[in-house]
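Data block below; observations after.
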Amino acid sequence: MKRISLVAAAVALLATWTGLAGASSQKTSLTGAGSTFVAPLVSQWISHYSAASINYSGVGSGAGIAAVSGRQVDFGASDAPMTPDQFAACHGCAQIPWAFSATSIPYNVSGVGYGLKLTGPILANIYLGHIKKWNDKRIRAINKGVKLPDENIVPIYRSDASGTSFNFTDYLSRVSKEWKRRIGKGTQPAFPTGVGARGSSGVAAKLGSTAGGITYVDIAYAYRNSYKIARIQNRAGRFVLPTIKSLRAAAATVKKVTRKDNAISVVDPPKSEPKAYPISTFTWVILPLQTSKSPDVKRFVDWAVTKGQSFGPKLLFLPLPRAVKQAARKTLARVHT
């Protein structure tokens with residue numbers, strides 16, 4: 001009987017140890033929401049990151065900022081830097097650049113192939129409603145030999161709050177005084193003409209069904225869906241497509257980060273980088289400065305801005321410039337429990 005009691009005690013102790021081991025090895029669960037732009041890269045990060053179980057919902061930058069501000073998620077993601085009002089509403093948050101890519105300009109013009117040339121002022125005038133036909137003389141002048149149809153131009157824009165809209169209108173505000181004065185930059189600007197659609201998938205569907213349509217989406221989405229995309233003229237006068245090389249040239253213009261809030265704009269880079277694509281952008285993760293899950297969130301974001309950058313190029317996300325990575329990790333150090 002005594003021997004049986006000892007065995008039973010040993011089994012009970014082993015069960016206790018096993019239970020404790022199982023409990024200690026259980027992963028922390030993190031949730032995030034926001035940018036559809038960065039969603040493919042976040043998905044790659046999640047599948048390769050082993051220190052926590054992470055769920056991410058691509059609901060748009062505006063919704064992501066709102067979700068983290070209301071502490072409904074552990075982190076948000078946005079392709080537009082937060083406004084002062086958004087910072088105030090977030091009640092102690094930091095924004096950290098964690099990826100770099102660009103906005104492409106796809107179009108659906110009858111009989112026109114890949115790589116139509118467009119300039120910033122032409123894009124602004126299209127979205128202002130001043131250029132209404134694809135065979136407008138200003139478009140014909142820079143597309144010699146291209147047979148442009150007498151087809152109405154239909155500008156398509158994001159109807160929801162979108163960081164891609166911010167990047168696009170930030171660029172238009174740099175290249176058009178009228179756009180800057182009348183519309184400005186923002187995640188949900190008041191486009192004066194065209195039709196709206198919700199999300200990247202919405203504007204893509206609208207473009208596919210609209211003869212003469214033109215829109216703006218992240219480059220990974222455009223390439224994945226085999227859209228015809230435009231060559232955009234940069235300040236050096238060259239017409240360039242969004243590629244890893246042209247993104248790398250744009251990123252090379254970021255030598256330091258001077259703003260404490262990490263709000264970096266890289267649109268319309270100087271002509272000293274003649275290969276640079278002019279509608280490039282950073283995208284940010286938004287974190288509460290103090291939460292109970294801070295150690296786990298910090299560990300994940302630090303991994304994302306270091307080792308996680310290696311998963312970007314295949315998805316057309318360029319590794320962060322050194323100065324930006326340093327600023328990201330410096331800001332991340334402020335997050336605490």
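Once phi is turned into ³J(HN,Hα) by the Karplus curve 6.51 cos²θ - 1.76 cosθ + 1.60 with θ = phi - 60°, what whole-Hz value does each residue of the range 254-263 show in order, with x for glycine and proline?
Along the range 254-263, the couplings run 8, 8, 7, 10, 9, 8, 5, 8, 6, 7 Hz.
How fast does the range 254-298 diffuse by Stokes-Einstein, in µm²/s, taking the Kirkwood radius from C-alpha pairs at 20 °C and 1.002 mPa s?
For these conditions, the coefficient is 160 µm²/s.
Return one number: the angle in degrees, 0 to 90 and rounded to the nearest 10, between the long axis of the Cα atoms of helix 163-175 and the longest principal axis of the Cα atoms of the chain.
40 degrees
Please identify the trypsin sites (Lys or Arg not before Pro) of the range 223-266 that satisfy two criteria: DSSP loop assignment and at most 15 other Cβ atoms within 10 Å. Which are they?
LYS255, LYS256, ARG259, LYS260
For the range 61-130, max minus min Cα coordinate along each principal axis, in Å, sorted largest first?
Sorted from largest, the Cα extents of the range 61-130 read 50, 24, 18 Å.
Give me the dipole magnitude in Debye, nearest 20, for the range 192-239 about the Cα centre, with unit charges on the beta carbon: positive for Lys and Arg, negative for Asp and Glu.
Charge dipole of the range 192-239: 140 debye, to the nearest 20.
Compute the distance from the alpha-carbon center of the range 150-223 to that of the range 275-324, in whole Å.
So the two Cα centres are separated by 25 Å.
Any chance you could list P(r) for the range 21-116, counting all Cα-Cα pairs in 10 angstrom bins from zero, rounded to whole %?
14, 37, 25, 15, 7, 1, 0
In whole angstrom, note down how far apart the Cα centers of the range 59-78 and the range 87-127 are.
Between the Cα centres of the range 59-78 and the range 87-127 lies a distance of 21 Å.
Over 32 Å between Cα atoms: which of LYS117/LYS307; LYS180/LYS245; LYS133/LYS256; LYS137/LYS177; LYS177/LYS330 fall into that group?
LYS117/LYS307; LYS133/LYS256; LYS177/LYS330
Which sequence of GLU273, GLU151 reflects their accessible areas, 1.4 Å probe, from the largest down?
Highest to lowest solvent-accessible surface, that is GLU273, GLU151.
Taking only the alpha-carbon atoms of the chain, what semi-axes of the equivalent ellipsoid follow from 5 times the gyration tensor eigenvalues under a square root, in whole Å, largest first?
For the chain, the semi-axes come out at 45, 20, 18 Å.
Given the convex hull over the Cα atoms of the range 180-337, what projected area results after averaging over all orientations, in nm²?
11.4 nm²
Along each of the three principal axes of the Cα atoms of the range 103-178, give the extent in whole Å, ordering the values from largest to smallest.
The Cα atoms of the range 103-178 stretch 36, 24, 20 Å along their principal axes.
R0 = 25 Å: FRET efficiency of THR337 with ARG71, Cβ-based, nearest 0.05?
0.95
Amide H neighbours of SER57 under 5 Å, counting only residues 5+ apart in sequence or on other chains, H built in-plane at 1.01 Å?
Answer set, sorted by chain and number: GLY32, ALA33, GLY34.
When DSSP assigns beta bridges and you keep just the ones with both residues in the chain, what percent turn out antiparallel, to the nearest 5?
55 percent
Report, in degrees rounded to the nearest 10, the 0 to 90 angle that the Cα long axis of helix 39-48 makes with the longest principal axis of the chain.
Helix 39-48 sits roughly 30 degrees off the main axis of the chain.
On the accessible surface of the range 191-243, probed at 1.4 Å, how many percent belong to carbon and sulfur atoms?
43 percent
Does the range 103-247 come out rounded, prolate or oblate by the C-alpha gyration tensor, with a ≥ b ≥ c the root eigenvalues, rounded set by a/c under 1.5 and, if not, prolate when a/b is larger than b/c and oblate if not?
Because its axes are fairly even, with a/c under 1.5, the range 103-247 counts as rounded.
Note down the relative contact order for the chain as a percent, whole number, built from C-alpha pairs under 8 angstrom at least six residues apart.
24 percent
Taking a probe of 1.4 Å, how large is the accessible area per residue of the range 140-207, in Å²?
Each residue of the range 140-207 exposes 48 Å² on average to a 1.4 Å probe.
For the range 104-161, which trypsin sites (Lys or Arg not before Pro) pass both filters: DSSP loop (anything but H, G, I, E, B) and at most 16 other C-beta atoms within 10 Å?
LYS132, LYS144, LYS147
Roughly what percent of Cα-Cα pairs across the range 39-87 reach past 12 Å?
65 percent
What is the set of long-range amide H partners of SER159 at a cut-off below 5 Å, with H atoms built 1.01 Å from backbone N?
Long-range HN contacts for SER159: ALA197, ARG198, GLY199.
Could you give the Stokes-Einstein D for the range 124-166 in µm² per second, using the C-alpha Kirkwood radius, 25 °C, 0.890 mPa s?
206 µm²/s
Against the longest alpha carbon principal axis of the chain, how many degrees, from 0 to 90 and to the nearest 10, is the axis of helix 199-208 turned?
40 degrees
Write down Rg/Rh for the range 220-313, rounded to two decimals, with Rg from the C-alpha atoms and Rh from the Kirkwood relation over Cα pairs.
That ratio equals 1.05.
Using only DSSP helix segments of four residues or longer, with each worth -39500 (n - 2.57), what per-residue ellipticity at 222 nm results for the chain after dividing by its residue count and rounding to 500?
-11500 deg cm²/dmol
The values are calculated or read from the model by the stated rules, or taken from the named source; none is laboratory data. This is a predicted model, so every value here is computed, not measured. A quick note on method: Cβ atoms are made from the backbone with ideal geometry, for glycine too, and the neighbour counts reach across all protein chains shown. In case anyone asks, the SASA skips ligands and DNA or RNA and just uses the protein heavy atoms, side chains included. Shrake-Rupley method; radii C 1.70, N 1.55, O 1.52, S 1.80 Å.
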